[in-house]
Each structure stands twice: as structure tokens, then as C-alpha cells.
1. With label points built 7 Å along Cα→Cβ from the Cα atoms of Ser64 and Thr113, find their separation and express it in nm.
2. Round to a whole number: what % of the accessible area of the range 65-126 belongs to carbon and sulfur, probe 1.4 Å?
3. At 0.36 nm per residue, and after removing the present C-alpha to C-alpha distance, how many nm does the segment from Leu145 to Glu87 gain when stretched out fully?
4. Take Thr15, project a point 7 Å from its Cα along the Cβ direction, then tell me which residues of the range 46-62 have their backbone nitrogen under 15 Å from it.
5. Assuming R0 = 35 Å, what is the FRET efficiency of Lys32 and Arg210, from their Cβ-Cβ distance, to the nearest 0.05?
6. Run the numbers for Asp201 and Trp188: contour at 0.36 nm per residue of separation, minus the present Cα-Cα distance, in nm.
7. First measure r as the distance between the Cβ atoms of Thr43 and Ser161, then evaluate 1/(1 + (r/R0)^6) with R0 = 45 Å and state the FRET efficiency to the nearest 0.05.
Amino acid sequence: MRNGDEGTDSPEKTTLEDLAYGRIRAAILARKLPPGTRLAEPTLAKKINISRTPVRGALRRLASEGLVTISANHGATVTVPSLRDIENAYQVREALECLAASVAAERVSQEDTVRLREAEREERRCLAQGDLEGYIRINERIHLLVASLSGNRLLEQAVESAMNRTNVYLSLLDPFYELADSGDRQTWEHAIIIDALEAGDSLWAEAAMRVHIRSSRAVMDLDLSGRKPSPVDDI
């Protein structure tokens with residue numbers, strides 16, 4: 001298959017784009033491509049052994065998720081979040097999720113807490129297996145479930161939007177692979193939030209969520225000095 005090539009969309013192209021998307025995304029999440037790494041279409045196409053067109057589509061999809069930044073001058077690179085971006089996102093998320101937890105505590109049922117505890121156990125399994133992508137997915141499930149228990153669809157949607165942004169930062173900067181106790185702390189904090197919800201204590205649930213969001217932000221590794229951009233070798 002040629003490495004050059006424009007063309008119309010086709011099932012084959014879509015499948016190849018999915019392949020490229022999955023390979024590049026997995027490499028970013030596994031920290032094989034640190035923030036700042038240049039993602040040249042010809043190099044990626046050669047590595048994956050496909051043409052440039054599906055690679056371009058994959059990079060656009062990753063840019064829409066915030067994992068990749070595309071500029072006219074520098075092309076595509078793995079996103080390097082700014083401190084202000086991170087602080088703003090977590091400030092909004094804290095306000096929204098504390099409100100959601102407070103309201104949810106007044107409405108939660110036993111069945112709801114069972115679902116939350118099942119998700120928390122699954123989160124622990126992902127942690128034990130070193131599965132960052134699964135860990136982030138289950139973490140999101142727990143938080144969105146709490147938001148849904150508020151019974152406020154607008155609030156739930158706002159929480160989801162805020163989480164979509166902070167999940168990008170978690171993917172790029174959470175010291176998941178370096179600090180074994182980081183994930184343990186997260187699951188322990190989730191267990192406390194669930195305890196507060198089960199007790200129907202709005203003030204406790206709000207406080208537990210606030211501590212959790214702030215500690216999630218605090219543990220993030222913002223020192224990118226040791227994460228030099230890498231050549232695209234292992235994807």
C-alpha cells in the first residue's frame with residue numbers, strides 16, 4: 001500500500017484509520033510517546049505500514065480528544081498541557097462534582113451503592129494489572145454514576161464535559177506507572193465517597209469528593225523536564 005495518497009472514504013480506509021487511531025492512542029497512553037513528541041504523518045504511516053490518509057484522520061480524532069495538538073507551523077504533536085489549563089479544568093470539575101455528590105447523597109439507593117462498589121473493585125483490578133486506560137475508564141464510570149445519581153441531567157452533562165478534559169491530563173501526566181500507591185489512594189478515596197453516599201450524608205459526600213478531586217490534581221506529575229520528545233519507534 002502506498003504511503004502517499006488521498007482518496008475518498010471507504011470501509012477499508014475507515015478500518016485503517018481505526019487501526020492507526022488505536023496504535024497511536026495506545027502509544028500515548030503507555031507513555032511511549034511523551035508530551036511534545038512530533039507525530040509526522042510519513043513516519044507514522046511507515047511504522048504502521050499504511051498510507052498517510054488514515055493516519056491523518058486518526059490524528060484529527062486524537063486532536064478532538066485533546067491528546068494531540070495540530071498546528072499549521074509544527075504539524076501534529078502529543079499535547080503538552082499548560083498549568084493554567086489544568087488548574088482551570090480541575091477548578092470547574094471540583095465545583096461540579098462536589099455539588100453532584102451532595103445532591104446524590106440525598107437520593108442514592110442500596111442498589112446504587114452496590115453498583116458503585118462493583119465499579120470500585122473493577123478499578124482495583126485495573127490497578128493491579130497496570131492497565132492505565134482501563135483504570136481511567138472505570139474511574140470515569142464511578143464519577144459519572146455519582147453525577148447521574150444527582151437526578152440533574154444538566155449537571156451530569158457538565159461533569160462529563162469536565163471529566164473529558166481532565167482525563168486527557170490524567171492520561172499524559174498521572175504518575176500511574178511510577179507510583180504504585182497513587183492508584184491505591186484513588187480507590188481508597190472512592191471507597192470513602194461511596195461510604196458517605198451510602199450513609200446519606202450530603203456534607204460528608206461533598207467533603208470527600210473535594211478531597212479526592214484535589215488530591216487527584218496534586219499527585220499529577222507536572223515536571224515534563226525528564227520527558228523529552230521521543231522518536232516514533234515503538235507504536
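1. Reported label-point gap for Ser64 and Thr113 is 4.1 nm.
2. On the way: 1610 of 3380 Å².
With neighbouring chains kept in place, the figure for the range 65-126 is 48 percent.
3. Values: separation 58, 0.36 × 58 = 20.88 nm, distance 2.38 nm.
Extra length from Leu145 to Glu87 when fully extended: 18.5 nm.
4. Taking a point 7 Å out along Cα→Cβ of Thr15, the residues of the range 46-62 whose backbone N falls under 15 Å are 50-51, 54.
5. Numbers: r = 34 Å, r/R0 = 0.98.
Once rounded, the FRET efficiency stands at 0.50.
6. Working: separation 13, 0.36 × 13 = 4.68 nm, distance 1.81 nm.
Fully extending the segment from Asp201 to Trp188 adds 2.9 nm.
7. Details: r = 33 Å, r/R0 = 0.74.
About 0.85, to the nearest 0.05.
The values are calculated or read from the model by the stated rules, or taken from the named source; none is laboratory data. Because the structure is predicted, anything quoted here is derived from the model rather than measured. Counting neighbours? That spans all protein chains shown, and the Cβs are built from the backbone with ideal geometry, glycine included. Just so you know, the surface numbers come from the protein's heavy atoms only, side chains and all, with ligands and any DNA or RNA stripped out. Shrake-Rupley method; radii C 1.70, N 1.55, O 1.52, S 1.80 Å.
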